[in-house]
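Input: a single structure, listed below in structure tokens.
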Amino acid sequence: MSTSQPAIQITQATIEDLEELIPLFDGYRQFYRQVSDIEGARAFLTQHFQNKSSVIFVARLQESDGSDTRACGFTQLYPSFSSVSMKRLWILNDLFVAPGARKKGVGPALLDRARDFAAQTGARGLTLTTARDNYTAQSTYEANGWLRDEEFYSYHFYFA
């Protein structure tokens, strides 16, 4: 019996990946206690594909018999800039792995791909935030070289 990890494919998503991404994006939002909204997810993702306002990477796991792959995770990056370094900065805004694909290396593979993309685009780096009680994500980020900010506080102003 083989104990090897399943093959993971990470590709930059296009509009052709939309239907596979929608349930993953909806699952991500539900994880953050939002009501399921398939049509809202479709409209939101479609808008970002059409406007080229984000970069999405989709992860696919090879089926156990090697015959097919299935979308099982994604990460979405938004462009920003660092005035101090005068370089592009990518905000890793979303990262989600479907429950059935967790602990198979999908999260770290998506983080690696995002890091490679940031380097390829000459960016200063990547930044992200996560919930204070999302310990699983925190340990994944830290195990993959991400550093928790101990120097700056983050503040937000939201409209109701």
Notebook entry, point to check: Of Ile8, Leu77, Pro99, which is farthest on the positive side of the dipole of region 8-143, counting Cα position, with +1 on Lys and Arg Cβ, -1 on Asp and Glu Cβ, and the Cα centre as origin?
Noted result: Leu77
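Classify region 8-143 as rounded, prolate or oblate from the Cα gyration tensor: take a ≥ b ≥ c as the square roots of its eigenvalues, call it rounded if a/c is under 1.5, otherwise prolate when a/b beats b/c and oblate if not.
Values: a/c = 1.39, a/b = 1.28, b/c = 1.09.
Note, shape of region 8-143 comes out rounded.
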Check: What spacing in nm lies between the two simple spin-label points modelled at Ser139 and Phe157, each 7 Å away from Cα in the Cβ direction?
Finding: 3.9
Item checked: Whole-angstrom gap from region 123-157 to region 29-49, using each part's C-alpha centre -> 23
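What is region 8-57 by shape, rounded, prolate or oblate, if you read a ≥ b ≥ c off the alpha carbon gyration tensor as root eigenvalues and call it rounded for a/c under 1.5, prolate for a/b larger than b/c, and oblate otherwise? Don't skip to the end; give the middle numbers.
On the way: a/c = 2.00, a/b = 1.35, b/c = 1.49.
Oblate, since a/c reaches 1.5 and b/c is not below a/b.
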Note to self: To the nearest 20 Debye, how big is the dipole of region 8-143 about its Cα centre, given +1 on the beta carbon of each Lys and Arg and -1 on that of each Asp and Glu?
What the structure shows: 600
Check: What is the extension gain from Ser53 to Thr129, computed as 0.36 nm multiplied by their sequence separation minus the C-alpha to C-alpha distance, in nm to one decimal?
Finding: 25.4 nm
Item checked: Pairwise FRET efficiency - Ser36 versus Thr121, Cβ, R0 = 22 Å, nearest 0.05 -> 0.10
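What does the charge count around Gly107 come to, taking other residues whose C-beta lies under 13 Å from its C-beta (Lys +1, Arg +1, Asp -1, Glu -1)? Don't jump to the answer; show the numbers that get you there.
Values: positive: Arg102, Lys103, Lys104, Arg113, Arg115; negative: Asp94, Asp112, Glu142.
Charge balance in the 13 Å sphere: +2.
Return the FRET efficiency for the residue pair Thr46, Asp149: r is the Cβ-Cβ distance, R0 is 22 Å, and the value is rounded to the nearest 0.05. Don't skip to the answer; put the middle values down first.
Values: r = 33 Å, r/R0 = 1.51.
Using R0 = 22 Å, I get an efficiency of 0.10.
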Item checked: Per-peptide average of other Cβ atoms within 10 Å, ordering 89-96, 15-22 highest first -> 89-96, 15-22
Notebook entry, point to check: For the Cα atoms of the chain, what angle does the longest principal axis make with the long axis of helix 18-31, in degrees from 0 to 90, nearest 10?
Noted result: 60
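Laboratory data are not the source of any read-out in this text; all were calculated from the coordinates shown. Predicted model, so just to flag it, every value in this text is computed and none were measured. Heads up, the Cβs are rebuilt from the backbone with ideal geometry, glycines too, and the neighbour counts pull from every protein chain shown.
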